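The values are calculated or read from the model by the stated rules, or taken from the named source; none is laboratory data. Since this is a predicted model, take the numbers as computed values, not measurements. Positions of Cβ are generated from backbone atoms using ideal geometry, with glycine treated the same way; all protein chains shown enter the neighbour counts.
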Amino acid sequence: MNAAALFGRSREGEPGLLPDPRLGSPMPWVIAIVIALTVIAAASGLGLRNAGAHASADLNGGITVQIVSAAPAARNRQADAALAVLRRLPDVADAQRVDQSQLESLLEPWLGTRPGDTIDDLPIPALIDVRLRAPATPDRVSALQTALAGVAPAARVDAQAAWLTPVFRAIATLQWLAGGLIALLTVATIAAVVLAARAALVNQRETIEIVHMLGGTDAQIARVFQRTAAMEAAAGGTIGLIAGVVAIVVLSAQFSALGSGMASGAALGWLDWVVIAAIPLCGVALAVLTARLTVLSALRRML
Amino acid sequence: MNAPDAEIVQFDNVGLRYGTGKEALTDISFTLYPGRFYFLTGASGAGKTSLLKLLYLAQRPSRGLIRMFGTDAITLPRERLPGFRRRLGVVFQDFRLVQHLSAFDNVALPLRVAGVAEREITKPVDEMLDWVGLADRRHARPATLSGGEQQRVAIARAVIARPDMLVADEPTGNVDPDMALKLLRLFESLNRLGTTVVVATHDVHLIQKVPDSLIMRLDKGRLSDPTGALRFPPRRTSTPTEPVLSAAPKDSRGDGQGGPPLGFATK
Ligand SMILES: Nc1ncnc2c1ncn2[C@@H]1O[C@H](COP(=O)(O)OP(=O)(O)OP(=O)(O)O)[C@@H](O)[C@H]1O
Ligand SMILES: [Mg+2]
């Protein structure tokens, strides 16, 4: 910090008591870096949360029934029977057979077709996309399996969300990581402000002693340091916020270029932006509070 | 507040030891009464500055009792120190001006610390700088002032808020005899307004200029009492009350010069 007017005339016509205790020129830059990283970490955490919520809302009630049978005739019969049973179940909101030709055209690029090949000969399972009225809990999945066992012995029932369980786990881990990162950055901010404030106190010791002798209170002296901490943190916070937001915008543009549904689900809502915008404000508050406590505790050791 | 002769300061068997050395002050007992003018003399190293430091609460004694403004000053909780210090004006032997502030801002400091509004600060500070002959140096930083000029800034700062007690450590050590006399008049005017004045000095001529003054002499850390005035309220020819107070802003000595600008009070 740079201490400038403890006690010279300063901004807003308020008389300074100390020179502004500039906390040292690196202060705003350290704060800027910390705020930028925090903004990116917070945006990532919020985006991951949104992506997870979006995906699970999509998949929660989703179930896939596969009829795995090598014989196309048996496969079709069982699929029709299964579809009929499913549509009668009260839990089921909707059940649709995935069009076989659509499936085939999906698979074609992988399997290839040569003249004379009949894709019907390939043992492609029939797929039924089922939407439940409630989340696809393991209980519901096995109830469906039981209901289908009679008419379609070749049916395999899977909750769609189950496919993504490892992805959800990874998202949760990344969110913890983002949280941990933010905690570390908070500690880094506190450490930077404490060190800067201590250095400024040493530089200003002579003046502080004089101000004490003239009846200045610890609170008056601390206020000068708080004001400087606020200004420097605000400057750093603004730079950090801008840098962080630029990084988020670039990153999210690249993610949405992936075209994946998951990535588009990660889009930040207005509330998320409010949270991100609040980060530099929290940084300023943290810097002011840290400067105050550091200065007051140091002053208490003086007579 | 204080009854006419209630003491403003009382030292009882005070001793001060720096670190583990021998005592710089030994068995110091005396009483100061409000509105009196005291000189503190003694050879260099006798302990004058040490005694004044105790008096302006920059140092705690190693032993003994100190009462100030009717309160035990030794057990005074830290948060009450600023209130006490604002009742004191101090001219430090080494001036202790704030280097990054102009002469004006240094003199204004006690008023700002006391929360006086900015618009009420300019006039008294300018008048005071004018009185100590520094009107044209008001924007100068201490480093660009001569020793005597710095001393005058220090004095102006000590008296600007019209303290209850003025403690001055060799306040005329760096100025010529004429300026020394003028500064002494400033102290006397303040004294006539009711401020108790304690001036440490080697200058015998200065002491002789204040006929009503009381003398405390330090010798190797021990206090002697040549006027016998320290234990009991001394007699005083003029009383520091109404007539003098109303005359103070004007010249009360009839020597043709205007009195010092002590119209300001923070209280
Ligand atoms: N901070 C200190 N640490 C250790 N010893 C000190 C300290 N301040 C003063 N002393 C010692 O205490 C004794 C009294 O010093 P003091 O400054 O009170 O003398 P003084 O009467 O003011 O002298 P002078 O007329 O030269 O200003 C001296 O022997 C000095 O060396
Ligand atoms: Mg001395």
Original post:
Of all the residues that make up the range B:37-65, how many are away from ligand 1 (no atom under 16 Å from the Cβ) and within 20 Å of the chain's Cα centre (by Cα)?
Top reply: 1
Original post:
Across the range A:270-303, what is the number of residues that are part of a helix (DSSP H, G or I) and of a type in the set (D, E, K, R)?
Top reply: 2
**OP:** Please state which of the following conditions B:THR172 fails to meet, knowing it meets all the rest: (1) of a type in the set (S, T, N, Q); (2) surrounded by fewer than 19 Cβ atoms within 10 Å (Cβ to Cβ); (3) at pLDDT below 95.
**Re:** (2)
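Counting only residues that are in a loop (DSSP other than H, G, I, E, B) and either within 13 Å of ligand 2 (Cβ to nearest atom) or more than 15 Å from B:VAL197 (Cα to Cα) (or both), how many does the range B:13-47 have?
As a first pass, look at the range B:13-47 and keep what is in a loop (DSSP other than H, G, I, E, B): B:18-22, B:33-36, B:43-47.
In the following step, the residues that additionally are either within 13 Å of ligand 2 (Cβ to nearest atom) or more than 15 Å from B:VAL197 (Cα to Cα) (or both) were identified as B:18-22, B:43-47.
So the answer is 10.
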Original post:
For the range B:101-114, which residues satisfy the criterion of being at the interface with chain A (Cβ under 10 Å from one of its Cβ atoms), closer than 17 Å to A:ILE208 by Cα and not charged (D, E, K, R)?
Top reply: B:LEU101, B:SER102, B:ASN106, B:ALA108, B:LEU109, B:PRO110, B:LEU111, B:VAL113, B:ALA114
Original post:
more than 8 Å from chain B (Cβ to nearest Cβ), assigned to a helix (DSSP H, G or I) and at pLDDT below 90 - does that describe any residue in the range A:206-213?
Top reply: no
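Let's see how each residue does on (1) in a helix (DSSP H, G or I); (2) farther than 12 Å from B:VAL107 by Cα:
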| residue | (1), (2) |
| --- | --- |
| B:ALA143 | yes, yes |
| B:GLN151 | yes, no |
| B:ALA168 | no, yes |
| B:PRO171 | no, yes |
Original post:
Is it true that some residue in the range B:132-139 is in a helix (DSSP H, G or I), touching a residue at least 24 places away in the same chain (Cβ under 8 Å) and either at the interface with chain A (Cβ under 9 Å from one of its Cβ atoms) or hydrophobic (A, V, I, L, M, F, W, C) (or both)?
Top reply: no
**OP:** Residue by residue through the range B:48-71, note down the ones that are more than 16 Å from ligand 2 (Cβ to nearest atom), touching a residue at least 40 places away in the same chain (Cβ under 8 Å) and not aromatic (Phe, Trp, Tyr).
**Re:** B:PRO61, B:SER62, B:ARG63, B:GLY64, B:LEU65, B:ILE66, B:ARG67, B:MET68, B:GLY70
Subject >> Residue list for the range B:148-179, filter: within 16 Å of ligand 1 (Cβ to nearest atom) and not charged (D, E, K, R) >> reply: B:GLN151, B:ALA154, B:VAL167, B:ALA168, B:PRO171, B:THR172, B:GLY173, B:ASN174
Subject >> Check on B:LEU109, outside any helix (DSSP H, G or I) and closer than 24 Å to B:THR144 by Cβ >> reply: no
Subject >> One residue from A:ALA267, A:ALA247 being touching a residue at least 40 places away in the same chain (Cβ under 8 Å), of a type in the set (Gly, Ala, Ser), part of a loop (DSSP other than H, G, I, E, B) and away from chain B (no Cβ under 14 Å) >> reply: A:ALA267
Subject >> Filter result for B:ARG162 (assigned to a loop (DSSP other than H, G, I, E, B), of a type in the set (Lys, Arg) and closer than 25 Å to A:MET213 by Cβ) >> reply: yes
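Looking at the structure I just gave you, is B:LEU88 within 19 Å of B:ALA161 (Cα to Cα) and in contact with a Phe, Trp or Tyr (Cβ under 6 Å, 6 or more places away or on another chain)?
Taking the combined requirement at face value, the residue satisfies it.
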Original post:
Residue check: is B:ASP178 surrounded by fewer than 24 Cβ atoms within 10 Å (Cβ to Cβ), away from every other protein chain (no Cβ under 14 Å), more than 16 Å from ligand 2 (Cβ to nearest atom) and without any contact (Cβ under 8 Å) to a residue 60 or more places away in the chain?
Top reply: yes
**OP:** Kindly indicate whether any position in the range B:81-100 is within 11 Å of chain A (Cβ to nearest Cβ), in a loop (DSSP other than H, G, I, E, B), surrounded by fewer than 16 Cβ atoms within 10 Å (Cβ to Cβ) and touching a residue at least 40 places away in the same chain (Cβ under 8 Å).
**Re:** yes
